[in-house]
Amino acid sequence: MNPFRRDADATPSRLVLRLFLRRLIDNDVISPHADRHESLAVLCALVVSLAVFVTFFITTEYLAAFIQLPGPTALSALSDRFLFISASIAVSALATLMVWDALALEPRDAAILGTLPIPARTITRAKLAAAFIFGTVFALALNAVPSVLYPLFLTLNLRGMHGRGILQLIAGHATSVVMAGLFGFSVILAARGVLRLIAGERGFRRVSSTVQSSLVVAAVTALLLAPAVRKTLVYDWVADATPARWPVRPVLWYLGVNETVAGHIVAETAVVLPPRFSFVGFPKHQDDASRAAYRALRPRFSELAERAWLSLPLVACLAVATFLWNNRRLPEHATGGATESRLRAGLRRMAERLTESNRETQAGFFFTWQTLTRSQPHRTIIAIAVAAGLTHLLLALATSGIHRLELPDMPRGLFAINIMLLAPLIAGFRYAVTVPPELRSNWTIRMAWLGDERDYLVGVKRAAIVALAATPLLTLLPLHVALFGFAIAAVHSIYGFMAATALLDGLFLGYRQFPFGCSYVPIENPKLLWPASLVSVLLAAYGFAGVERFALQTATRTAGLGAALAATVLLVKIADRATRRERLPVNFDERPAPATQRLGLFERIANHD
Amino acid sequence: MQARLEARQLSKYYSATPAIRDVSFTLEPGAILGLLGPNGSGKSTTVSLLTGLREPSAGQIWFDGRNIAEGLVEYQARVGYVPEEAHLYTFLSAREHLELIGRLRRLPARLLTHKISTLLDLLGLTSAADQQISGYSKGMKQKVLLIAALLHDPDLLILDEPESGLDLTAGLVLRHLIPILAARGKTILYSSHVLDHVERLCADVVVLHHGRIVAEGPVSQLRAMTQENASLEDVIAQLVTTVDPARTAGEIAEVSGLNA
């Protein structure tokens with residue numbers, strides 16, 4: 001097929017639609033410099049492998065069962081589907097948040113397309129269609145593999161299940177999760193539209209990044225919480241013990257869709273046992289009771305499904321209406337009168353005083369602060385780290401509640417809240433410094449720096465301590481005062497601060513680049529590094545929480561732990577200074593090895609020859 | 001007089017493709033050299049080698065009698081650079097960007113604040129100084145680049161298409177500024193397509209074509225090589241143009257007039 005001929009025959013609206021779709025993938029989902037095909041292939045591989053892994057992990061209990069009964073399976077599958085649906089909503093919302101700025105017409109659209117003889121209405125509709133195609137394709141891609149694998153694995157040992165039943169289960173699962181994904185996409189699009197409508201263009205520009213980051217935190221927190229709470233929430237709902245809370249309700253709506261379309265298939269499957277087994281006694285009673293319990297839920301499923309069928313078109317209509325209204329005219333070149341508020345000016349002066357001893361330290365401090373708060377990839381990294389800490393905080397509070405107990409009886413999880421928030425933040429920050437905010441602008445730093453990154457790095461770390469250690473600790477202080485009382489909460493926060501300082505210096509010990517100024521080189525072994533880091537953080541946080549709980553019981557131990565932490569901070573700083581005595585050249589333009597080299601193909605080919 | 005900047009047989013290859021070959025020239029303190037050539041002639045590559053942002057495949061650059069490869073950072077500390085494309089950190093405001101540059105160059109706080117405010121004011125950017133650069137026009141970005149290049153009082157100014165996007169007033173200011181800086185002993189390399197400006201500003205020019213120097217020397221000498229009273233534009237056209245401009249223009253008009 002001749003692509004030029006195809007383009008020549010296309011209508012303007014289709015051409016503009018294709019342009020917007022390409023831009024969504026090229027500029028906003030993937031780095032502007034990356035090869036689209038390679039990046040898309042990596043993205044698809046990631047989605048598929050994660051889907052296979054998660055589905056297999058969830059269904060191990062069914063795959064390992066020698067005799068699987070339909071009644072208990074129908075009930076336990078509810079919490080699995082709850083997980084799939086909540087993940088679909090959260091991940092689709094997250095993907096939509098990643099292209100937040102591309103979800104409306106931009107001044108560059110007006111600059112490029114406004115001069116062509118294409119009506120503004122066509123451009124607006126094409127942008128809207130591109131956004132919806134992106135949302136739909138993403139929801140389909142995300143859910144395609146689990147929609148097939150989960151019903152297959154679920155029913156592998158259900159001997160009475162027939163092929164048509166499995167197909168129906170696949171259809172039910174696919175319908176519910178794809179609808180849930182579209183719901184997640186539409187909610188973000190509608191939220192953006194409503195915010196823009198209420199705040200106006202200038203107001204929206206002012207709050208947009210904060211709202212986007214808050215929504216990223218909410219979506220990631222929901223995604224991380226879902227596996228931990230799915231069973232409790234679903235069992236409570238089945239037992240009608242507590243009414244479902246608001247964030248859980250949309251998930252239950254789409255669960256209702258699945259159960260009305262195909263849920264009865266498993267519950268009504270006949271029991272077929274292996275030869276020489278008889279179906280009597282406890283297993284039969286258990287199966288009968290579970291089937292009866294499931295049947296009793298069916299009217300509630302229908303009610304939920306009705307809400308799902310209603311909610312999706314409603315939210316989508318709201319998204320479309322606000323989009324069309326907000327983009328009824330092509331946007332003009334954005335110029336904002338960004339005057340500095342008194343508070344910001346005061347804070348800036350304070351920060352200038354904090355770093356005035358050295359100009360490069362000042363440069364590092366301010367550039368870090370500006371990058372973390374304004375550059376989208378960096379905001380996202382920090383938002384994900386905040387979400388990880390927030391998830392632990394919510395789980396810890398849900399387990400123990402906010403009661404003041406005697407110190408030795410306090411759960412360790414409550415003492416671990418600080419470290420479980422600070423450790424992801426500082427690890428996330430260590431990763432964030434390797435990501436250049438705008439690669440093409442790095443030349444400004446390369447031309448201006450005077451050959452010694454050490455003072456600049458001091459400023460970078462100082463900004464991290466203020467933004468990612470002191471600020472979260474101060475935010476959490478009221479909660480800790482409520483849990484431990486003021487004196488212990490204050491000491492606990494000081495411990496947290498010292499631990500964060502030691503961790504930050506420790507993570508930068510081997511770092512020899514120019515923060516935010518060098519090209520990005522991916523981590524070499526993420527499959528090993530990320531799980532190992534997660535386990536280390538959990539072990540360290542809970543280990544330290546146990547030590548802290550023990551130490552805070554007497555004044556001597558409290559002082560002892562404080563002294564030990566201060567000594568650790570000092571030691572790491574001394575080690576840092578010692579390793580930086582010798583100056584090493586900074587490579588601003590380091591490039592990752594090509595994919596063929598990463599796979600070791602060159603070596604294999606050479607060995608083969 | 002010792003040359004301030006000396007390019008010695010510079011070559012740069014991208015994979016196996018040569019971008020420039022054996023480019024040599026010298027610049028003395030207070031000199032303004034025009035770097036000319038059509039698109040793809042190797043001007044930008046030459047400029048990027050002279051800034052130290054890229055390494056030459058062969059050849060050397062000497063500054064004040066020292067190979068810059070032996071002290072790249074010290075060299076860059078004395079260079080002011082205005083690139084052809086205005087890539088700036090768009091999430092910063094002009095003031096924040098200039099503060100970043102000035103702090104990295106260790107300029108004293110008071111001097112930096114004074115220079116930034118005054119230069120922003122002189123170039124008419126004060127009202128937009130605290131807006132993010134993402135909302136700036138090309139000309140406004142160009143002014144920010146120019147201020148950033150001048151902040152640390154550099155000895156060598158490398159200007160790659162500095163007038164691109166500038167309004168009439170700012171363009172005139174720049175054209176008056178360059179001779180003043182040269183009179184103060186600054187060395188200036190001026191790469192531009194606007195031959196009229198080059199002719200007025202530069203005593204000497206280097207003409208690149210297909211990565212090689214095809215002509216160099218004083219403008220008057222180049223003129224003498226061709227017919228009498230020829231402008232610099234005529235000289236360059238004679239040196240590097242391989243097509244008949246009038247014929248090409250006619251053909252463009254013909255093609256653009258085609259209807260379905």
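The values are calculated or read from the model by the stated rules, or taken from the named source; none is laboratory data. Just so we're clear, the structure is a prediction, and the values are computed from it rather than from any experiment. Reconstructed Cβ throughout: ideal geometry from the backbone, glycine too, with neighbour counts over all protein chains shown.
Quick one: what pairs do we get from the range A:565-589, first residue within 13 Å of residue A:513 (Cβ to Cβ), second surrounded by fewer than 17 Cβ atoms within 10 Å (Cβ to Cβ) and not aromatic (Phe, Trp, Tyr), C-beta under 8 Å, 6+ apart or different chains?
Short answer, once both residue conditions are applied: A:580/A:454; A:584/A:512; A:586/A:512.
Identify, please: which residue in the range A:113-157 is among the β-branched types (Val, Ile, Thr) and without any contact (Cβ under 8 Å) to a residue 40 or more places away in the chain and is, among those, nearest to residue A:320 (Cα to Cα)?
Pass one, the range A:113-157, residues among the β-branched types (Val, Ile, Thr): A:115, A:118, A:122-124, A:133, A:136-137, A:145, A:148, A:155.
Those still in the list that are without any contact (Cβ under 8 Å) to a residue 40 or more places away in the chain too: A:115, A:137, A:148.
Details: A:115: 25, A:137: 18, A:148: 31 Å.
Per the criteria, the residue is A:137.
Which of the helices (runs of 4 or more DSSP H) found entirely inside the range A:47-121 contain at least 3 residues meeting this: buried (at least 20 other Cβ atoms within 10 Å of the Cβ)? Spell out how you get there, then give the answer.
Details: elements: A:60-63, A:70-98, A:107-113.
Hits in the range A:47-121: A:70-98.
Among the residues of the range A:265-279, is any surrounded by 15 or more Cβ atoms within 10 Å (Cβ to Cβ), assigned to a helix (DSSP H, G or I), assigned by TED's automatic domain parsing to the domain that holds residue A:168 and small (Gly, Ala, Ser)?
yes
Can you spot a residue in the range B:72-87 that is over 15 Å from residue B:189 (Cα atoms), within 14 Å of chain A (Cβ to nearest Cβ), surrounded by 15 or more Cβ atoms within 10 Å (Cβ to Cβ) and in contact with a Ser or Thr (Cβ under 7 Å, 6 or more places away or on another chain)?
Checked the range B:72-87: at least one residue is over 15 Å from residue B:189 (Cα atoms), within 14 Å of chain A (Cβ to nearest Cβ), surrounded by 15 or more Cβ atoms within 10 Å (Cβ to Cβ) and in contact with a Ser or Thr (Cβ under 7 Å, 6 or more places away or on another chain).
Might you let me know whether the range A:439-454 holds any residue that is in a helix (DSSP H, G or I), in contact with a strand residue (DSSP E or B) (Cβ under 7 Å, 6 or more places away or on another chain) and facing chain B (nearest Cβ under 9 Å)? Steps first, please.
Let us first name the residues in the range A:439-454 that are in a helix (DSSP H, G or I), namely A:439-448, A:454.
With in contact with a strand residue (DSSP E or B) (Cβ under 7 Å, 6 or more places away or on another chain) added as a condition, the list becomes A:447.
Now narrow it down to the ones that are facing chain B (nearest Cβ under 9 Å): A:447.
Yes; the residues of the range A:439-454 include at least one that is in a helix (DSSP H, G or I), in contact with a strand residue (DSSP E or B) (Cβ under 7 Å, 6 or more places away or on another chain) and facing chain B (nearest Cβ under 9 Å).
Among the residues that make up the range B:51-60, is at least one of them surrounded by fewer than 18 Cβ atoms within 10 Å (Cβ to Cβ), within 14 Å of chain A (Cβ to nearest Cβ), farther than 15 Å from residue B:7 by Cβ and not hydroxyl-bearing (Ser, Thr, Tyr)? Break it down into steps so the answer makes sense when it comes.
First, pick out the residues of the range B:51-60 that are surrounded by fewer than 18 Cβ atoms within 10 Å (Cβ to Cβ): B:54-55, B:57-60.
Then keep just the ones that are within 14 Å of chain A (Cβ to nearest Cβ); that gives B:54-55.
Remaining after also requiring farther than 15 Å from residue B:7 by Cβ: none.
Scanning the range B:51-60, I find no residue that is surrounded by fewer than 18 Cβ atoms within 10 Å (Cβ to Cβ), within 14 Å of chain A (Cβ to nearest Cβ), farther than 15 Å from residue B:7 by Cβ and not hydroxyl-bearing (Ser, Thr, Tyr), so the answer is no.
Somewhere in the range A:384-397, is a residue modelled with pLDDT under 95, closer than 19 Å to residue A:509 by Cα and of a type outside the set (A, V, I, L, M, F, W, C)?
Taking every residue of the range A:384-397 in turn, none turns out to be modelled with pLDDT under 95, closer than 19 Å to residue A:509 by Cα and of a type outside the set (A, V, I, L, M, F, W, C).
Based on this model, can you work out whether residue B:178 counts as within 14 Å of another protein chain (Cβ to nearest Cβ) and in contact (Cβ under 8 Å) with a residue 40 or more places away in the chain? Even if it seems obvious, please write down each step before you answer.
On the way: within 14 Å of another protein chain (Cβ to nearest Cβ): no; in contact (Cβ under 8 Å) with a residue 40 or more places away in the chain: yes.
No, not satisfied.
Name the residue, out of A:501, A:475, that is in a helix (DSSP H, G or I), at pLDDT 95 or above and closer than 28 Å to residue A:401 by Cβ.
Details: A:501 fails: closer than 28 Å to residue A:401 by Cβ.
Answer to the check: A:475.
In the range A:122-153, what residues are surrounded by 21 or more Cβ atoms within 10 Å (Cβ to Cβ) and among the hydroxyl-bearing types (Ser, Thr, Tyr)?
Scanning the range A:122-153 gives A:124, A:147, A:150.
Can residue B:139 be described as surrounded by 22 or more Cβ atoms within 10 Å (Cβ to Cβ) and either more than 10 Å from chain A (Cβ to nearest Cβ) or out of contact with any strand residue (DSSP E or B) (no Cβ under 8 Å at 6 or more places or on another chain) (or both)? Lay out the reasoning, then the answer.
On the way: surrounded by 22 or more Cβ atoms within 10 Å (Cβ to Cβ): no; either more than 10 Å from chain A (Cβ to nearest Cβ) or out of contact with any strand residue (DSSP E or B) (no Cβ under 8 Å at 6 or more places or on another chain) (or both): yes.
So residue B:139 does not fit the description; no.
Among the residues of the range A:154-168, is any part of a loop (DSSP other than H, G, I, E, B), over 25 Å from the mean Cα position of the chain (by Cα), among the basic types (Lys, Arg) and surrounded by fewer than 17 Cβ atoms within 10 Å (Cβ to Cβ)?
Taking the range A:154-168 first, the residues part of a loop (DSSP other than H, G, I, E, B) are A:155-162.
Next cut, over 25 Å from the mean Cα position of the chain (by Cα) only: A:155-162.
Checking the rest, the ones that are also among the basic types (Lys, Arg) come to A:159.
Next cut, surrounded by fewer than 17 Cβ atoms within 10 Å (Cβ to Cβ) only: A:159.
For the range A:154-168, residues part of a loop (DSSP other than H, G, I, E, B), over 25 Å from the mean Cα position of the chain (by Cα), among the basic types (Lys, Arg) and surrounded by fewer than 17 Cβ atoms within 10 Å (Cβ to Cβ): present.
Residue B:158 passes all but one of (1) more than 12 Å from every other protein chain (Cβ to nearest Cβ); (2) of a type in the set (A, V, I, L, M); (3) surrounded by 19 or more Cβ atoms within 10 Å (Cβ to Cβ); which number fails?
The single condition residue B:158 does not satisfy is (1).
One line per residue, one yes/no per condition, for (1) in contact with a Ser or Thr (Cβ under 7 Å, 6 or more places away or on another chain); (2) under 30 Å from residue A:274 (Cα atoms); (3) touching a residue at least 24 places away in the same chain (Cβ under 8 Å):
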{"site": "A:159", "(1), (2), (3)": "no, yes, yes"}
{"site": "A:162", "(1), (2), (3)": "no, yes, no"}
{"site": "A:172", "(1), (2), (3)": "no, yes, yes"}
{"site": "A:175", "(1), (2), (3)": "no, no, yes"}
{"site": "A:184", "(1), (2), (3)": "yes, no, yes"}
{"site": "A:187", "(1), (2), (3)": "no, no, yes"}
{"site": "A:192", "(1), (2), (3)": "no, no, yes"}
{"site": "A:198", "(1), (2), (3)": "no, no, no"}
{"site": "A:205", "(1), (2), (3)": "no, no, yes"}
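Conditions first: (1) assigned to a helix (DSSP H, G or I); (2) within 14 Å of another protein chain (Cβ to nearest Cβ); (3) within 28 Å of the chain's Cα centre (by Cα); (4) crowded, with 20+ Cβ neighbours inside 10 Å. Residue A:424 passes all but one, so which condition is the exception?
Condition not satisfied by residue A:424: (2).
Could you run through the range A:504-537 and say how many residues are touching a residue at least 40 places away in the same chain (Cβ under 8 Å), of a type outside the set (D, E, K, R) and part of a helix (DSSP H, G or I)?
5
Restricting the search to the range B:220-248, which residues are touching a residue at least 12 places away in the same chain (Cβ under 8 Å), closer than 28 Å to residue B:174 by Cβ and surrounded by fewer than 19 Cβ atoms within 10 Å (Cβ to Cβ)?
Within the range B:220-248, the first condition is being touching a residue at least 12 places away in the same chain (Cβ under 8 Å), and the residues that meet it are B:222-223, B:226, B:231-233, B:235-236, B:238-241.
After this cut, where a residue has to be closer than 28 Å to residue B:174 by Cβ as well, the list is B:222-223, B:231-233, B:235-236, B:239-241.
Listed by number, the residues that qualify are B:223, B:231, B:233, B:239, B:240, B:241.
Could you list all residues from the range B:201-219 that are assigned to a strand (DSSP E or B) and exposed (fewer than 15 other Cβ atoms within 10 Å of the Cβ)? If you could, list the steps in order and put the result at the bottom.
First pass over the range B:201-219, keeping only residues assigned to a strand (DSSP E or B): B:204-209, B:212-218.
Selection gives B:218 alone.
Return only the number of the condition from (1) within 30 Å of residue A:445 (Cα to Cα); (2) crowded, with 17+ Cβ neighbours inside 10 Å; (3) not acidic (Asp, Glu) that residue A:391 does not satisfy.
Of everything listed in (1) within 30 Å of residue A:445 (Cα to Cα); (2) crowded, with 17+ Cβ neighbours inside 10 Å; (3) not acidic (Asp, Glu), residue A:391 misses just condition (1).
Right, residue A:171: under 16 Å from the mean Cα position of the chain (by Cα) and farther than 19 Å from residue A:135 by Cα or not?
Judged against the criteria, residue A:171 is not a match.
For the range A:457-481, what are the residues that are in contact (Cβ under 8 Å) with a residue 12 or more places away in the chain and either acidic (Asp, Glu) or under 20 Å from residue A:558 (Cα atoms) (or both)?
A:473, A:477, A:480
Name the residues in the range B:151-189 that are more than 23 Å from residue B:138 (Cα to Cα) and of a type in the set (Gly, Ala, Ser), would you?
B:182, B:183, B:185
Quick check on my filter: what residues within the range B:36-83 are over 18 Å from residue A:444 (Cβ atoms), among the basic types (Lys, Arg) and touching a residue at least 40 places away in the same chain (Cβ under 8 Å)?
Correct list: B:43 only.
Of B:198, B:144, which residue is surrounded by 21 or more Cβ atoms within 10 Å (Cβ to Cβ), closer than 26 Å to residue B:107 by Cα and either without any contact (Cβ under 8 Å) to a residue 60 or more places away in the chain or touching a Gly at 6+ places or on another chain (Cβ under 6 Å) (or both)?
On the way: B:198 fails: closer than 26 Å to residue B:107 by Cα.
Being surrounded by 21 or more Cβ atoms within 10 Å (Cβ to Cβ), closer than 26 Å to residue B:107 by Cα and either without any contact (Cβ under 8 Å) to a residue 60 or more places away in the chain or touching a Gly at 6+ places or on another chain (Cβ under 6 Å) (or both) holds for just one of B:198, B:144, which is B:144.
Here's a check for you: in the range B:94-119, which residue that is among the β-branched types (Val, Ile, Thr) and more than 8 Å from chain A (Cβ to nearest Cβ) is nearest to residue B:141 (Cα to Cα)? Explain how you work it out, then say what you get.
First, the residues of the range B:94-119 that are among the β-branched types (Val, Ile, Thr): B:101, B:113, B:116, B:118.
Filter once more, so that each one left must be more than 8 Å from chain A (Cβ to nearest Cβ): B:113, B:116, B:118.
Working: B:113: 19, B:116: 15, B:118: 17 Å.
Within the range B:94-119, the match that is nearest to residue B:141 (Cα to Cα) is B:116.
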